[in-house]
Amino acid sequence: MAEPKDDKPKLPLAGLMALLLAAVSSLIIYQGPIKTSRPIDKEAEKSVSVRDRVQSRLWQDPFEAVASHIQKEKASKEEGHGHHDSPGLLEGASTTKETFHFQVMPVFVDGSPYASGVESRLRDRYALVSGLGAAGYLPESGESIRYFEWKLAAGPVSIVPAEWFVPGPRLSTTNQHEQPDAQPILVLWLKEQDLGAKPLQALTSLVSHLNKEMKATPSAYRVLGPRTSGSLSAMLDELKATTTAADVTSVTVSHPRPPALQGATFYSSWATAADPVLLGESAVPQTAKPVEDRFAAAGLTLIRTIGSDDALANELVVELKRRRIDVTAPSKRPHIALISEWDTLYGRSLPRTFVAVAKRLAEEAQALPVQTLATHLHALRDERYPDWVHRYSYLAGLDGELPPKDNGKDAPGAKGKSGDKGAGAEAVEETPVGRSQLDYLRRLVEQLKREEVTSDGEFMAIGVLGSDVYDKLMILQALRKDFPHALFFTTDLDSRLTHPSQLPWTRNLVIASHFGLELDPRLQTPIPPFRDSYQTALFYSVLRAVDTLEAVQGKTVLELSSGAMFSAEVMPRLYEVGRHGAVDLSPDPMPRAGSLPSIHLPRPDVDPATGALRLPSLRTIGLLLSAAGLMFLCALLINSELWWLCRGRRLVGFLAVPALVGVIVVALLGGARLDGTAGEPLTFTEGVSVWPTASLRLLAFVLCVMFFAHSWWRLADNAKWLIRRFRFHRMNDARTTPSSHPFLGIHYWRPEPAGSVQAAVLWQEYCSRGRILARARRIVPQAMAYGGFGVLLMLQFGFPVMPCRGEACFSLNYIILGCSVVAMTLLMFYVVDATRLCRRLIKIMIGATIEWPDRLLAREAAKQSVDQAYVHEWLGIQFIAKRTAVISAMIYYPFVIVFLMAVARHSYFDRWDFPAGLLAIFTLNALYAFGNGVFLRRSAEEAKHEAVRQLKHRLKSLSDEPVGKQTKRRHIERMVELIEHTRDGAFLPFTQHPLFGAIALPTGGTGLVFLLDYLATLF
């Protein structure tokens, strides 16, 4: 029988890994939805009736609360709700009307009845109440609200919800005493649609009506509005100066001055259109703030607490350049698509603003005369965009949803949200009939794909620049799969874009926003992060409106009531949607001496004191090194082979691996900091960083080096063992003739013409062709040819996307990618060459008679108790088994590296893709290595069959021998049995062969178990 070989791992790595995974899985906590335990009594009164109040919680839509109240009164009383005809808002005040000082704060809100309008009102009220609370104002009642009716001339009756806020302790300071100089604030909720085409005139009428009914004049008007850029543009038209010419020499310029609003301050936290768009592109005054100047000329003050669209466009253009999508390049600009609605001023102006800003930045980059933004916008007034810009539009409300009818039933188009439908319902929804525009959206996708084919390049970036978040989500859902290489970007951060249900199409979306979801902790106070950036802007506006955050020192510094100072310059923010929310990518400038902090929440990965990216602390590094040292010490104590390995000469090589890994990690961390805050973020779980991929590629490179060294060491050790086992050193030294065709492979290695060859000579010829230089002569040309083939595939099917950010990130990742690809290719051809050389050796052994040393024959014959003439075939099979045991195990190496390189491109880490060319290369790598392993196994099986055939042929020749000759028959039959039951090296059963593990490796768990079992046998 063959000598049994214990291939069981000395370390139960597979079992340990299974236990570890089981333990980790038990610690994984499913984050289920938060559920309330509040009991609901269906028979209790649904509302509490107060004559001059309406039941309403502070987080409730005020108009919804008032509408429900009015509907209930109409159903219960015939006289209606006449007690709300006049404001009567000072009833119950503790002081007389003549001495009562208060401020009025009209708040412009979206009055649309759609779901988006309701949600915006909920958010606006939450932000306003939070801002007033942070400033130290308490609501008159947390469960009710007032309202009155007001009729604009030649217009319908409008409902105006109102609520009082009185001074109280501030949330932004530890001093919980009331503010002695603060005045109560009367908040008026106004639907912007109710104000008509002349919002200033309507607001003046409302204020006059309020003063008349209340018989009291407020000390100040702090208006939180206008709500949209269109409304602000309408106000500017109302304030446009009129020119009167009395004669040729006398010209009078007069500015409208709303009498009741004199001294009023407007805080615009929603209108973001650029000044040329608001004023008319061709007639923009050459002043720093032309929009604010027009308000000032009318006796009003406008404070735009939110930036304009051109600032966001500037950030987006610069961000695209950081990702090597340079739309300011002098030539060969990348193609981008801009998609927005055309039925709003915002949707029409933002794409033009983006292109105009890109043109200005291109002029600056090329040292050309820089035209004004107004000039560029005027040139785009006819929607004539450059060749590299592809403009597409749609009508807002792609889903065709309408508000519910008065009877409480959903409108036909509102039934069945898209998330609640099956595949059949979705197909019906996209039918080209009815209000839904989803079929238009599908055709828009096809139009973009055709445009990509007809243009001279694919879309490198696609901007979704609409105003409605739900429209953005549907567009992203439709486009994402068809344009995997494109970088998608948009404006205005909204938590709906980061919801887990939307991540399949919103992840890695780049967002430029004037605000994040929270401010600096000193401003945010205990209030949780908001739902969108406009809530944050409104919260900031409220702090400015009540002077909790006051502009001082020439309006360049903002001073908090607690004494904290902030910069008045509100820079835009940049985000990328990650797996757990929006990741802040804002390129904050390095702090200078005397510079003030921003009102924004600092980036969590940036040190506010230095402005540099944070690195792991020395304490963390020390703990990790200590843990690694303890693990290594424990391994030394429990593993005797590792102990003796560390005592031997291989200790230097053994320690070189962790030293190399340490140097690479330090270099990687240093490289990640080269671009600063303008570079790629260093995160491993958010899915917005290429550094995890770079780490895996570095691991693949290190493993390639280890596999080269380990395989060379195992082959050398195996060669020494074979020399001792088969007594090659006992034979005469034979010289080998080097191959005359070293670059053409091993095809010219032929046996001796006589048909027999000494085993030692054959072994030395084999070893000479397995030396480093000989292998390099064969491997390098093959690897170069294969690399050229890969480049041709990439040119045909497109190069994979490299989602880097910053020049240092690109350079480092290309270097790492190049090193890992070269190492992977060389390792693959090295393993294949070792396999093919062994196959060639087996083929020669099959076709020639091998002359083994006499002492070896005698020893094996005595050991097996057979005649010396019958052990030749057995020795050949044993030689093949022992050599292929090492070479067959090497088949794992390229599969492990290919597996790592494929995992490194997984979309879990970043915006990686898998184009057809790359998939073909990875498949060819695996098939090439696997195919050669199969051929090696087949060659070994042929050798076994040939050995058995020869022995059986000799056995057949003994069929006519007398009974006394049966001893030879038994000897031959014994050797046939030994050969047939050989289960070593290439003769292993397929399920135990490394080939089977290599096949199973890409499948995940099963393949990893095989790999761990194999790796465990190495120790």
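The values are calculated or read from the model by the stated rules, or taken from the named source; none is laboratory data. If you're wondering where the values come from, they're calculated on a predicted model, not measured in any experiment. Using ideal geometry, Cβ is built from the backbone for each residue, glycine included, and neighbour counts are taken over all protein chains shown.
Only one of the numbered conditions (1) in contact with a helix residue (DSSP H, G or I) (Cβ under 9 Å, 6 or more places away or on another chain); (2) outside any helix (DSSP H, G or I) is violated by residue 907, and that is (1).
Inclusion of residue 236 among residues that are buried (at least 17 other Cβ atoms within 10 Å of the Cβ), under 17 Å from residue 264 (Cβ atoms) and either without any contact (Cβ under 8 Å) to a residue 24 or more places away in the chain or touching a strand residue (DSSP E or B) at 6+ places or on another chain (Cβ under 9 Å) (or both) is not warranted.
Taken over the stretch 330-375, residues that are more than 34 Å from the chain's Cα centre (by Cα) and either outside any loop (DSSP other than H, G, I, E, B) or not aliphatic (A, V, I, L, M) (or both) amount to 5.
Listed here are the residues, each with its yes/no results for (1) crowded, with 16+ Cβ neighbours inside 10 Å; (2) touching a residue at least 12 places away in the same chain (Cβ under 8 Å); (3) closer than 30 Å to residue 696 by Cβ; (4) not aliphatic (A, V, I, L, M).
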| residue | (1), (2), (3), (4) |
| --- | --- |
| 870 | yes, yes, no, yes |
| 873 | yes, yes, no, yes |
| 899 | yes, yes, yes, yes |
| 908 | no, yes, yes, yes |
| 915 | yes, yes, yes, yes |
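Just to be sure before I move on: is residue 176 modelled with pLDDT under 65 and either out of contact with any Ser or Thr (no Cβ under 8 Å at 6 or more places or on another chain) or not small (Gly, Ala, Ser) (or both) in the structure I sent? Taking the combined requirement at face value, the residue satisfies it. Does residue 541 count as in contact (Cβ under 8 Å) with a residue 24 or more places away in the chain and buried (at least 22 other Cβ atoms within 10 Å of the Cβ)? Yes. Right, residue 823: touching a Phe, Trp or Tyr at 6+ places or on another chain (Cβ under 6 Å) and touching a residue at least 24 places away in the same chain (Cβ under 8 Å) or not? In short, yes.
Residues in the stretch 509-533 that are touching a residue at least 60 places away in the same chain (Cβ under 8 Å) and in contact with a His (Cβ under 9 Å, 6 or more places away or on another chain): 515, 516, 518, 519, 520. Step by step: first the residues of the stretch 156-173, then only those that are out of contact with any Gly (no Cβ under 7 Å at 6 or more places or on another chain) and small (Gly, Ala, Ser), then the one that is modelled with the lowest pLDDT. Which residue is that? Among those that are out of contact with any Gly (no Cβ under 7 Å at 6 or more places or on another chain) and small (Gly, Ala, Ser), it is 172.
One residue stands out in the stretch 506-523 among those that are β-branched (Val, Ile, Thr) and not in a helix (DSSP H, G or I): the one that is farthest from residue 596 (Cα to Cα), namely 510. Taking every residue in the stretch 359-385 that is surrounded by 14 or more Cβ atoms within 10 Å (Cβ to Cβ) and pairing it with any residue that is acidic (Asp, Glu) and at pLDDT below 85, at least 6 positions away or on another chain, the pairs with Cβ-Cβ distances below 9 Å are 373/281; 374/281; 375/281; 376/281; 377/281; 378/281; 379/281; 380/281. Taken over the stretch 679-700, the criterion of being part of a loop (DSSP other than H, G, I, E, B) and among the aromatic types (Phe, Trp, Tyr) is satisfied by 684 alone.
Working only within the stretch 450-480, note down all residues that are more than 22 Å from residue 324 (Cα to Cα), surrounded by fewer than 22 Cβ atoms within 10 Å (Cβ to Cβ) and basic (Lys, Arg). Of everything in the stretch 450-480, just one residue is more than 22 Å from residue 324 (Cα to Cα), surrounded by fewer than 22 Cβ atoms within 10 Å (Cβ to Cβ) and basic (Lys, Arg), namely 450. In this structure, residue 539 does not qualify as among the aromatic types (Phe, Trp, Tyr), under 30 Å from residue 683 (Cα atoms) and assigned by TED's automatic domain parsing to the domain that holds residue 182. For the stretch 746-771, the candidate set comprises residues that are hydrophobic (A, V, I, L, M, F, W, C) and more than 13 Å from residue 837 (Cβ to Cβ); within that set, the residue that is modelled with the lowest pLDDT is 754. When 134, 93, 153 are checked against the criterion of being in contact with a helix residue (DSSP H, G or I) (Cβ under 9 Å, 6 or more places away or on another chain) and either outside the structural domain of residue 219 (by TED's automatic domain parsing) or modelled with pLDDT under 85 (or both), a single residue qualifies: 153. Annotation: of all residues in the stretch 670-718 being touching a Pro at 6+ places or on another chain (Cβ under 7 Å) and of a type in the set (S, T, N, Q), the one that is surrounded by the fewest Cβ atoms within 10 Å (Cβ to Cβ) is 677.
If you check 206, 200, 210 for being at pLDDT below 90, in a helix (DSSP H, G or I) and closer than 25 Å to residue 538 by Cβ, only one passes: 210.
Taking (1) under 19 Å from residue 395 (Cα atoms); (2) under 18 Å from the mean Cα position of the chain (by Cα) in turn, residue 489 satisfies each apart from (1).
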